[in-house]
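Reviewing the structure listed below.
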Amino acid sequence: RVNRITHLAYAAQRYWTIPEISVKLSKMNISDQNSSFSIGDVVYPRPTTLGPRLQNHLQLVYVHEGEFTVQVDRRAYDVAAGQATLLLPGHAELFRFANHGTTRHGWCQVDQPQLSPAAVEQLAARPETLPFTPAMQTLVRLAWPLARVRDRGSRQYRDALIQAIFQEFISRSGCVKA
(Lines give C-alpha, C1' and ligand atoms only; values in the text may rest on other atoms or scores of the structure.)
Protein backbone atom coordinates (compact mmCIF):
# COMPACT_ATOMS: atom_id res chain seq x y z
CA ARG A 1 0.00 0.00 0.00
CA VAL A 2 2.78 2.44 0.89
CA ASN A 3 4.46 1.63 -2.41
CA ARG A 4 1.25 2.51 -4.33
CA ILE A 5 0.92 5.81 -2.45
CA THR A 6 4.57 6.62 -3.10
CA HIS A 7 4.06 5.71 -6.76
CA LEU A 8 1.06 8.04 -7.11
CA ALA A 9 2.73 10.91 -5.25
CA TYR A 10 5.89 10.46 -7.33
CA ALA A 11 3.78 10.51 -10.50
CA ALA A 12 2.20 13.74 -9.32
CA GLN A 13 5.61 15.29 -8.65
CA ARG A 14 6.89 14.29 -12.06
CA TYR A 15 3.79 15.74 -13.77
CA TRP A 16 2.57 12.45 -15.16
CA THR A 17 5.55 10.79 -16.68
CA ILE A 18 4.35 7.29 -15.77
CA PRO A 19 2.84 5.78 -18.95
CA GLU A 20 -0.09 3.83 -17.38
CA ILE A 21 -1.43 6.92 -15.65
CA SER A 22 -0.78 9.19 -18.62
CA VAL A 23 -2.59 6.88 -21.01
CA LYS A 24 -5.76 6.65 -18.90
CA LEU A 25 -5.91 10.37 -18.19
CA SER A 26 -5.05 11.36 -21.74
CA LYS A 27 -7.93 9.20 -22.99
CA MET A 28 -10.23 11.20 -20.74
CA ASN A 29 -8.44 14.49 -21.48
CA ILE A 30 -9.27 16.02 -18.10
CA SER A 31 -6.08 18.06 -18.20
CA ASP A 32 -6.15 20.61 -20.94
CA GLN A 33 -4.87 24.17 -21.19
CA ASN A 34 -8.35 25.53 -20.47
CA SER A 35 -8.97 23.25 -17.49
CA SER A 36 -8.38 24.30 -13.93
CA PHE A 37 -8.37 22.20 -10.81
CA SER A 38 -9.59 22.88 -7.28
CA ILE A 39 -9.95 21.12 -3.96
CA GLY A 40 -12.03 21.98 -0.92
CA ASP A 41 -13.61 20.80 2.30
CA VAL A 42 -16.90 21.79 3.98
CA VAL A 43 -18.98 20.95 7.05
CA TYR A 44 -22.78 20.90 6.81
CA PRO A 45 -24.91 21.02 9.98
CA ARG A 46 -27.93 18.75 10.21
CA PRO A 47 -30.25 18.65 8.32
CA THR A 48 -29.15 20.63 5.31
CA THR A 49 -29.75 20.50 1.58
CA LEU A 50 -27.70 21.84 -1.30
CA GLY A 51 -29.29 22.36 -4.67
CA PRO A 52 -30.84 21.69 -6.93
CA ARG A 53 -27.88 22.66 -9.07
CA LEU A 54 -26.49 21.84 -12.48
CA GLN A 55 -23.08 20.17 -12.27
CA ASN A 56 -20.66 22.00 -14.55
CA HIS A 57 -17.48 20.20 -13.49
CA LEU A 58 -16.01 16.75 -13.22
CA GLN A 59 -16.17 16.46 -9.43
CA LEU A 60 -15.08 13.80 -6.98
CA VAL A 61 -16.83 14.10 -3.60
CA TYR A 62 -15.62 12.12 -0.57
CA VAL A 63 -17.10 11.91 2.92
CA HIS A 64 -14.87 12.24 6.00
CA GLU A 65 -17.70 11.94 8.55
CA GLY A 66 -21.47 11.76 8.38
CA GLU A 67 -23.34 10.94 5.20
CA PHE A 68 -25.49 12.40 2.47
CA THR A 69 -27.94 11.36 -0.19
CA VAL A 70 -27.37 12.78 -3.64
CA GLN A 71 -30.01 12.79 -6.32
CA VAL A 72 -28.48 12.95 -9.79
CA ASP A 73 -31.20 13.65 -12.33
CA ARG A 74 -33.87 11.26 -11.02
CA ARG A 75 -31.61 8.64 -9.39
CA ALA A 76 -30.79 8.98 -5.65
CA TYR A 77 -28.07 7.13 -3.74
CA ASP A 78 -26.32 7.36 -0.37
CA VAL A 79 -22.68 8.27 0.23
CA ALA A 80 -21.38 7.40 3.71
CA ALA A 81 -18.22 8.22 5.63
CA GLY A 82 -15.22 6.59 3.96
CA GLN A 83 -16.83 6.61 0.51
CA ALA A 84 -16.37 8.71 -2.62
CA THR A 85 -18.56 9.42 -5.63
CA LEU A 86 -17.80 10.87 -9.05
CA LEU A 87 -20.19 13.52 -10.41
CA LEU A 88 -20.24 14.17 -14.15
CA PRO A 89 -20.96 17.50 -15.86
CA GLY A 90 -24.37 18.23 -17.30
CA HIS A 91 -26.53 16.60 -14.61
CA ALA A 92 -29.00 18.10 -12.11
CA GLU A 93 -28.02 17.37 -8.49
CA LEU A 94 -29.65 17.71 -5.09
CA PHE A 95 -27.80 16.88 -1.87
CA ARG A 96 -29.48 16.00 1.44
CA PHE A 97 -27.04 15.88 4.34
CA ALA A 98 -27.40 13.69 7.45
CA ASN A 99 -30.39 14.23 9.72
CA HIS A 100 -28.27 13.23 12.71
CA GLY A 101 -24.95 14.96 13.34
CA THR A 102 -22.90 16.95 10.89
CA THR A 103 -21.44 15.89 7.58
CA ARG A 104 -17.88 16.82 6.64
CA HIS A 105 -16.96 16.14 3.08
CA GLY A 106 -14.35 17.23 0.62
CA TRP A 107 -14.17 17.50 -3.11
CA CYS A 108 -11.77 17.98 -5.94
CA GLN A 109 -12.85 19.05 -9.36
CA VAL A 110 -11.81 19.78 -12.89
CA ASP A 111 -13.38 22.87 -14.44
CA GLN A 112 -14.17 22.61 -18.14
CA PRO A 113 -13.09 18.99 -18.63
CA GLN A 114 -12.81 18.07 -22.28
CA LEU A 115 -14.47 14.66 -22.15
CA SER A 116 -15.03 12.73 -25.35
CA PRO A 117 -18.37 10.93 -25.79
CA ALA A 118 -16.50 7.63 -25.30
CA ALA A 119 -14.98 8.84 -22.01
CA VAL A 120 -18.39 10.02 -20.77
CA GLU A 121 -19.85 6.62 -21.66
CA GLN A 122 -17.06 4.81 -19.80
CA LEU A 123 -17.37 7.05 -16.73
CA ALA A 124 -21.16 6.64 -16.72
CA ALA A 125 -20.57 2.90 -16.17
CA ARG A 126 -18.75 3.53 -12.87
CA PRO A 127 -20.11 2.35 -9.53
CA GLU A 128 -22.05 5.08 -7.71
CA THR A 129 -19.70 4.93 -4.72
CA LEU A 130 -16.29 3.50 -4.01
CA PRO A 131 -14.13 3.44 -0.89
CA PHE A 132 -12.18 6.64 -0.19
CA THR A 133 -8.92 4.70 -0.25
CA PRO A 134 -5.85 5.37 1.90
CA ALA A 135 -4.05 6.43 -1.29
CA MET A 136 -6.76 9.02 -2.06
CA GLN A 137 -6.65 10.22 1.54
CA THR A 138 -2.88 10.70 1.39
CA LEU A 139 -3.10 12.57 -1.91
CA VAL A 140 -5.83 14.84 -0.49
CA ARG A 141 -3.63 15.58 2.55
CA LEU A 142 -0.80 16.55 0.19
CA ALA A 143 -3.02 18.69 -2.09
CA TRP A 144 -5.12 20.44 0.58
CA PRO A 145 -2.42 22.89 1.79
CA LEU A 146 -2.00 23.98 -1.85
CA ALA A 147 -5.72 24.77 -2.35
CA ARG A 148 -5.17 28.52 -2.76
CA VAL A 149 -1.61 28.81 -4.03
CA ARG A 150 -0.82 31.40 -6.68
CA ASP A 151 2.65 30.57 -7.98
CA ARG A 152 2.83 28.45 -11.12
CA GLY A 153 5.03 25.66 -9.73
CA SER A 154 2.81 25.09 -6.69
CA ARG A 155 -0.33 25.14 -8.85
CA GLN A 156 1.17 22.54 -11.18
CA TYR A 157 2.04 20.33 -8.22
CA ARG A 158 -1.49 20.74 -6.75
CA ASP A 159 -3.08 20.01 -10.12
CA ALA A 160 -0.97 16.88 -10.54
CA LEU A 161 -1.99 15.69 -7.07
CA ILE A 162 -5.66 16.28 -7.90
CA GLN A 163 -5.21 14.34 -11.14
CA ALA A 164 -3.69 11.51 -9.08
CA ILE A 165 -6.78 11.52 -6.82
CA PHE A 166 -9.01 11.16 -9.89
CA GLN A 167 -6.71 8.48 -11.27
CA GLU A 168 -6.94 6.45 -8.06
CA PHE A 169 -10.76 6.61 -8.13
CA ILE A 170 -10.97 5.78 -11.83
CA SER A 171 -8.45 2.97 -11.48
CA ARG A 172 -10.48 1.46 -8.63
CA SER A 173 -13.77 1.83 -10.54
CA GLY A 174 -12.61 -0.26 -13.48
CA CYS A 175 -14.69 1.95 -15.79
CA VAL A 176 -11.90 3.27 -18.04
CA LYS A 177 -10.21 0.68 -20.21
CA ALA A 178 -6.54 1.17 -21.06
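The values are calculated or read from the model by the stated rules, or taken from the named source; none is laboratory data. The shown structure was predicted, so the numbers you read here are calculated from the model rather than taken from an experiment. Glycine gets a Cβ as well: all are built from the backbone with ideal geometry, and neighbour counts include every protein chain shown. Only protein heavy atoms, including side chains, enter the accessible area calculation; ligands, DNA and RNA are left aside. Shrake-Rupley method; radii C 1.70, N 1.55, O 1.52, S 1.80 Å.
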Integer Hz, Karplus 6.51/-1.76/1.60 couplings in order for the stretch 121-136, x for Gly and Pro:
4, 5, 5, 5, 7, 5, x, 5, 9, 9, x, 7, 5, x, 5, 4
Per residue, accessible area of the stretch 69-168 with a 1.4 Å probe, heavy atoms of protein chains only, in Å², comes to 48
Accessible area (Å², 1.4 Å probe, nearest 10) - ILE39:
10
Three-way shape call for the stretch 111-178 based on the alpha-carbon gyration tensor, with the a/c threshold at 1.5
oblate
Round to a whole number: what % of the accessible area of the stretch 45-178 belongs to carbon and sulfur, probe 1.4 Å?
50
Charges on Cβ only, +1 for Lys and Arg, -1 for Asp and Glu, centred on the Cα centroid of the stretch 50-178; of PHE166, VAL79, ALA98, which one is farthest towards the dipole's positive end?
PHE166
Computed on Cα atoms, the radius of gyration and Dmax of the stretch 58-178 in angstrom are 14.6, 42
In order through the stretch 151-163: 3J(HN,Hα) via Karplus (6.51 cos²θ - 1.76 cosθ + 1.60), integer Hz, x for Gly, Pro
6, 4, x, 5, 5, 5, 5, 4, 4, 5, 5, 5, 4
Can you give me the relative contact order of the stretch 27-171 as a percent, contacts being Cα pairs under 8 Å and 6 or more apart?
31
